[in-house]
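Quick note: the coordinates plus some simple rules give every number you see, no bench work behind them. Values in this document were obtained by computation on a predicted structure and should not be read as measured data. As a convention, Cβ positions derive from the backbone with ideal geometry for all residues, glycine included, and neighbour counts pool all protein chains shown.
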Amino acid sequence: MNDLSPLHAVLSARAPTLVEAGGAGQRRGCPLSELRDRLRRSGLRPTRQRLSLGWLLFGKGDRHLTAEMLYDEAMRAKVPVSLATVYNTLHQFTQAGLLRQLALDGSKAYFDTNPSEHHHFFLEEEGQVLDMPDCGITVDALPEPPAGMEIAGVEVIVRLRRRD
Ligand SMILES: [Zn+2]
């Protein structure tokens, strides 16, 4: 049995544009082989589960999700994984620098598919995370770091609630 069949269905549905972009018979431009290369470059063996979950994670642009959200997507896409595997994979991807874990909510870990430094809005009641526009904030009056240390990054979370 081929566990990746839903994935291949998605890939073949997108094939016409890929062929136009990459030329007939070329592997270049195929999102799945790009993902495989990306995992290898990050020091992760491209196992079937990592490819399936990576495909779900990175195939839809920048977004923020919890292990439970990814697990639900995997179930809908008929990817045979356990919630524990989803957790482990998210943490492995984070350690490899492919994801960034966001400290938004003590009870749930959110993962960002855009690992570069940027700021967030967090709608607490709904658990919704939004990227702040580039011009959204300037942080220019930071305190001096303790002796022997330097600031490695600044992450701003602006918490939102709906107005009544
Ligand atoms: Zn983000």
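Quick look at the values:
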item	result
Gap separating the Cα centres of region 26-77 and region 83-148, nearest whole Å	19 Å
Per-residue Cβ neighbour rank within 10 angstrom, fewest leading, 83, 44	83, 44
Region 88-129: translational diffusion in µm²/s, Stokes-Einstein, Kirkwood Rh over Cα pairs, 37 °C, 0.692 mPa s	300 µm²/s
Once the Cα gyration tensor of region 28-160 is diagonalised, semi-axes √(5λ) in Å	29, 18, 14
